[in-house]
1. Modelling each spin label as a point 7 Å along the Cα-to-Cβ direction, I'd like the residue A:239/residue A:260 distance in nm, to one decimal.
2. With a/c under 1.5 counting as rounded, go ahead and sort region A:97-141 into rounded, prolate or oblate using the C-alpha gyration tensor (a ≥ b ≥ c being the square roots of the eigenvalues; past the cut-off, prolate if a/b is larger than b/c, else oblate).
3. Considering Cα pairs under 8 angstrom that are at least six residues apart, work out the relative contact order of chain A and quote it in whole percent.
4. Calculate the mean, over all residues of peptide A:36-49, of how many other protein chain Cβ atoms lie within 10 angstrom of the residue's Cβ.
5. Report the rotationally averaged projected area of region A:317-420 based on its alpha-carbon convex hull, in square nanometres.
6. Report the Stokes-Einstein translational diffusion coefficient (µm² s⁻¹, integer) for the protein assembly as shown, Rh taken as the Kirkwood radius over Cα pairs, at 37 °C with viscosity 0.692 mPa s.
7. Binning at 10 angstrom from zero up to the longest distance, how are the C-alpha pair distances of chain B distributed in percent?
8. If you wrap region B:65-154's Cα atoms in a convex hull and average its projection over all directions, what's the area in nm²?
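Derivation of every value follows stated rules applied to the coordinates shown; laboratory data play no part. As the structure is a computational prediction, the values presented were derived from the model and not from experiment. Virtual Cβ from ideal backbone geometry, glycine too; neighbours counted across all protein chains shown.
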């Protein structure tokens, strides 16, 4: 009986020849991740184990990024808790402000994830690393604590949905539009408990940054993990990041899928998810007149260099509409420097944007761009739930960097292909 | 093990941002979190909830973030069980790991009304609506998860199994 790439990775990690959907397994972990929100709870649970060290100090990553740089005294206390734990446990991969970034952009960049790995993170968007051909999934703080102590986690092997991609994107369309399109099609629980496997000839045309964005939002369809096959682009990325030797697993031709979706990339329009669910999508041509107050370009979904380049291409020689705030948040220090060196900051500043240090801040309504009652924001982030970015009566519209930049210029939701 | 209480009823896709908004995540104190539980969709929840009460919701309960603060806030508020058509997967794991009883029971999610008195039997997965007399059969946990719950959550379970090994 054939296996999917996810089943093969989980078989390897649980020391079995074969595993299949529905089976409960105990898997060895290659990396355990936590941030400043989830780690303090995990550290408390870890203490109850009565052990004085983590299973492997090189295989735990702690990234204060959500409310860091510290937004207030309570956040500072939480970051301090993580810092002290990292020091006490001699954690190799603790990233202080100044070297940190938004965790799901940072870890691949630092070469901490390789193909074939099993990764858990106490952050729902840990599914991002499927772009590298890894099995990675979000868990809670208690699972993180157990993972830090034992190097293991239990899983029910997920069944799979396959998305067979053909063709290539139209101009201004990117990975964000693809994943929003898919979530619109299958719904916010359309992939509940399941693997979302992306494959087919269309994969080759997607950049690594596109693939990160697509896998990042697998959780917004309820998915357990998203995963891409490993190709030349993946291997080049892993080599550049200095990641460990990849373990490459391909899905068997006779692997089982609950459903196969055919998607021609050339038919996808720029797509916007309206409040208050990511499944509430509209193609840009049917968005109508939606006036906005703020734009956010950044996050673990769309804060990478190609995202910033796409936004800069739209903003070059243009200006943010009067009265609109446009926040640009490069996801890591490396991306920040790269954007600066490429001259993107000049473009953003000339256009009237503000450029922030890396942080998750506004995405989850933490700080650095909170919305007031009645305000609307076009954001390249991943969730538009009630109150997500501030007041309960504020609204978040999820979109690509190109749509976000075009909307900042127009002062309303706008199609980057039709900007004056 | 059983739970009995008054029902708070919610729709599909109750997300972790409304269960406990991120603006309160600068603390991990269960009591502080519980003081703001559900406030963005039900501002009266905190003042009305009593120990043992039950949340009944639709599909995909707990979708969104991995914050364990969400099941912690619900548990600390006094809720004795959450019944839903389906749960988002991270919330499902977290609830088991911290010992918040949950049950998937689409028929009860559909029929039970806000304010009804409901009894849940976790061993059998049976939900009884005392107010209407209706009985529904939910999906009890697989044995592996029942063990975790019986041991009082994942940490206790692993500590125990590691000692035995």
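1. Computed distance between label sites residue A:239 and residue A:260 equals 3.2 nm.
2. Working: a/c = 2.29, a/b = 1.20, b/c = 1.90.
The shape class here is oblate.
3. 17 percent
4. Details: counts 2, 9, 7, 1, 4, 8, 2, 1, 2, 6, 1, 1, 4, 5.
That average works out to 4.
5. Numbers: hull surface 25.6 nm².
That works out to 6.4 nm².
6. Numbers: Rh = 23.8 Å.
D = 138 µm²/s.
7. Final binned percentages: 11, 41, 35, 11, 1.
8. Details: hull surface 23.0 nm².
Here the figure is 5.7 nm², rounded to one decimal.
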